[in-house]
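Step one of this worksheet: look at the structure below.
The values are calculated or read from the model by the stated rules, or taken from the named source; none is laboratory data. Keep in mind the model is a prediction, meaning the values are calculated, not measured. A quick note on method: Cβ atoms are made from the backbone with ideal geometry, for glycine too, and the neighbour counts reach across all protein chains shown.
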Amino acid sequence: MNAARAASIVLGREVRAEMRTRELLQTTIVFAVIVVVIFNFAFEPSVGEARRFGPGLIWIALLFSASLMLNPSFAREQANDTIYALRMAPASSFAILLGKTLANLLFLGITELILLPVFSILYNVPLLPVIGRLALVLFLGTFGIVVVGTVFSALGTQARLRELLLPLLLLPVLIPLLFASVEATAGLLADAPALDRTWMAVLVAFDVIFFTASWLLCDYLLEE
Amino acid sequence: MKRYTIANMLTALLLFFAGYAALFIAPDEATMHAIQRIFYFHASSGWAAIEASLIVFVANVAYLATRNPQWDWLAVSAAEVSLAFWSVMLVTGPIWAHPVWGVWWAWDWRLTLTLVLWILYVAYLILRTLITDTERRAVFSAIFGIFVFLGVPLDYLSIRIWRTQHPQPVVFGGPNRLDPTMLKVFFYCSGVMTLLMILLVCQRYKLERLRYQTEELRLAVDEHLETRADSRRPGAGKS
């Protein structure tokens, strides 16, 4: 079985499991929206300030949501020891990791689909004129988050306090990504929207470096 | 044991002379005067921190490649020592910055990178405390250590993009040249700091090895006591 097919089967399995309960998605979405709402109570930004701080708010909300959402990705497998079944499957570790990464990309993408309109309406920041370029920034940023996050989710499975451990490991490693995503998004929300090529390059570099690393290290991650 | 005593004393002596060189041999800096002398301590600790972090990375990769626990001992030893030197950077930096920049801290990328690395090595060491299984701990912390190291060039790249308040590098290819005596003192201090770093890593490595051996012995004793208890039970020896 080739890796792409195995990964798509794992992806299908993750989506099916999630769709039976939808608990991970609903919790993540509500959490992300709550972050966006309480930001208003903490800072009460004007329209201009919302444009200025909006990109940071969006990415902080996504990063926090991801650091909570990604934990069950592997932790869920432990409840019924389904991780052994996954290991026994005729699929490479990379295919399993890739399937899970893509599932997390999808879940976080759905969260963004709801989060962004809510942000746009509550803070009066029009996003529609730049939606295409924004989608590209969001895709690259989200991909980086889930690539690193899925690997770290697997690291947490054997640890105590793993719910606390994942944000502790994930957030500092994602700092260059946060910086690049926020700057690229800010460029799109400026008066003359423009896609900052330099920060896009940093985003792409981040994605490529960590995707390659997770490909090289996945065998160690899933071993007995 | 005697070897270490000699090494300790020698390093202490060299460190003492480094302090003397930084305070009395290096010439006075034209605009910053005395406070600039912290540079010999600050920047050379920075080198030691970078070198120790490199050792962590090499040990992490080597552990995954060979599965020899000795590499794991080296990784944790170097990580703790690098954290100590990163801490020195974070403490001496603001002491210099306050009189020169007028603020204790500026969020430029060099400072931020140091702070981020400090946090990352703390996270690395916390991760290690939360995994009980020795082999799992070694594998997972090695993976995390490699991820941490891979992020460093990206942080560095961001410094280049982001214009900063931090003085541009003056030792390698900077626009302003360093006075030759200053340079000599700086290289001497960096060398001594590196020596101190190596000494600390060696001592910590020894400790980690002892810890591992104690753990092995304890397991062996447990096993032995268990088999003895089994053999005293009625009906023993039949299985």
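For a quick check of your reading of the model, give me the residue pairs whose first member lies in the stretch B:20-39 and is closer than 18 Å to residue B:94 by Cβ, whose second is modelled with pLDDT under 80 and not β-branched (Val, Ile, Thr), with beta-carbon atoms closer than 6 Å and at least 6 apart or on different chains. Matching pairs, first to second residue: B:36/B:29. Take residue A:198 and tell me if it is facing chain B (nearest Cβ under 8 Å), hydroxyl-bearing (Ser, Thr, Tyr) and either in contact with a Ser or Thr (Cβ under 8 Å, 6 or more places away or on another chain) or assigned to a helix (DSSP H, G or I) (or both). Judged against the criteria, residue A:198 is a match.
Output the residues belonging to the stretch A:70-90 that are among the aliphatic types (A, V, I, L, M) and either modelled with pLDDT under 85 or part of a helix (DSSP H, G or I) (or both).
Filtering the stretch A:70-90 for residues among the aliphatic types (A, V, I, L, M) gives A:70, A:75, A:79, A:83, A:85-86, A:88-89.
Passing the criteria: A:75, A:79, A:83, A:85, A:86, A:88, A:89.
Just one of the numbered conditions (1) surrounded by fewer than 18 Cβ atoms within 10 Å (Cβ to Cβ); (2) at pLDDT 80 or above is not true of residue B:168: (2). Does residue B:72 satisfy the criteria of being surrounded by fewer than 19 Cβ atoms within 10 Å (Cβ to Cβ) and either among the acidic types (Asp, Glu) or modelled with pLDDT of 95 or more (or both)? Taking the combined requirement at face value, the residue does not satisfy it.
May I ask you to list pairs of residues, at least six apart or on different chains, whose Cβ atoms are under 9 Å apart, with the first in the stretch B:5-16 being under 17 Å from residue B:188 (Cα atoms) and the second being of a type in the set (Gly, Ala, Ser)? Within 9 Å, the pairs are B:14/B:191.
Does residue B:23 satisfy the condition of being surrounded by fewer than 21 Cβ atoms within 10 Å (Cβ to Cβ) and touching a Lys or Arg at 6+ places or on another chain (Cβ under 8 Å)? Walk me through how you get there before you give the answer.
Numbers: surrounded by fewer than 21 Cβ atoms within 10 Å (Cβ to Cβ): yes; touching a Lys or Arg at 6+ places or on another chain (Cβ under 8 Å): yes.
Yes: the conditions hold for residue B:23.
Picking from B:43, B:49, which residue would you name as being in contact (Cβ under 8 Å) with a residue 12 or more places away in the chain, assigned to a helix (DSSP H, G or I), among the small types (Gly, Ala, Ser) and within 19 Å of residue B:202 (Cβ to Cβ)?
Among B:43, B:49, only B:49 is in contact (Cβ under 8 Å) with a residue 12 or more places away in the chain, assigned to a helix (DSSP H, G or I), among the small types (Gly, Ala, Ser) and within 19 Å of residue B:202 (Cβ to Cβ).
All of (1) touching a helix residue (DSSP H, G or I) at 6+ places or on another chain (Cβ under 7 Å); (2) surrounded by fewer than 18 Cβ atoms within 10 Å (Cβ to Cβ); (3) among the basic types (Lys, Arg) hold for residue A:20 with one exception: (1). The conditions of being of a type in the set (Gly, Ala, Ser) and under 11 Å from residue A:11 (Cα atoms) are not met by residue A:109. For the stretch A:32-46, taking the residues that are farther than 15 Å from residue A:69 by Cα and either assigned to a helix (DSSP H, G or I) or at pLDDT 90 or above (or both), the one that is nearest to the chain's Cα centre (by Cα) is identified as A:36. All conditions in (1) of a type in the set (A, V, I, L, M); (2) assigned to a helix (DSSP H, G or I); (3) surrounded by fewer than 19 Cβ atoms within 10 Å (Cβ to Cβ) hold for residue B:103, with the sole exception of (2). Within the bounds of the stretch A:158-173, is there any residue that is in contact (Cβ under 8 Å) with a residue 40 or more places away in the chain and of a type in the set (Val, Ile, Thr)? No, there is no match, as no residue in the stretch A:158-173 is in contact (Cβ under 8 Å) with a residue 40 or more places away in the chain and of a type in the set (Val, Ile, Thr).
For the stretch B:59-75, give me the residue count where each residue is aliphatic (A, V, I, L, M) and away from chain A (no Cβ under 12 Å). Don't jump to the end; show me each part of the working.
So the first thing to find is which residues in the stretch B:59-75 are aliphatic (A, V, I, L, M), and the list is B:59, B:61-62, B:64-65, B:74-75.
From the residues that got through so far, the ones that are away from chain A (no Cβ under 12 Å) too are B:59, B:62, B:74-75.
Count: 4.
Among A:93, A:67, which is the only one that is over 30 Å from residue A:179 (Cα atoms), touching a residue at least 60 places away in the same chain (Cβ under 8 Å) and within 23 Å of the chain's Cα centre (by Cα)?
On the way: A:67 fails: over 30 Å from residue A:179 (Cα atoms).
One residue alone meets the criteria, A:93.
Every listed requirement among (1) surrounded by 24 or more Cβ atoms within 10 Å (Cβ to Cβ); (2) away from chain B (no Cβ under 13 Å); (3) among the hydrophobic types (A, V, I, L, M, F, W, C) is met by residue A:203 save one, (2).
Among the residues of the stretch B:4-16, is any small (Gly, Ala, Ser), assigned to a helix (DSSP H, G or I) and surrounded by fewer than 15 Cβ atoms within 10 Å (Cβ to Cβ)? Reasoning before the result, please.
As a first pass, look at the stretch B:4-16 and keep what is small (Gly, Ala, Ser): B:7, B:12.
Cutting the leftovers down to assigned to a helix (DSSP H, G or I) gives us B:7, B:12.
Among the residues that remain, those that are also surrounded by fewer than 15 Cβ atoms within 10 Å (Cβ to Cβ) are: B:12.
Checked the stretch B:4-16: at least one residue is small (Gly, Ala, Ser), assigned to a helix (DSSP H, G or I) and surrounded by fewer than 15 Cβ atoms within 10 Å (Cβ to Cβ).
Of all residue pairs spaced 6 or more apart or on separate chains, those with beta-carbon atoms under 6 Å, a first member in the stretch B:131-157 that is more than 7 Å from chain A (Cβ to nearest Cβ) and under 14 Å from residue B:76 (Cα atoms) and a second member that is assigned to a helix (DSSP H, G or I) and among the basic types (Lys, Arg) are B:137/B:128; B:141/B:128.
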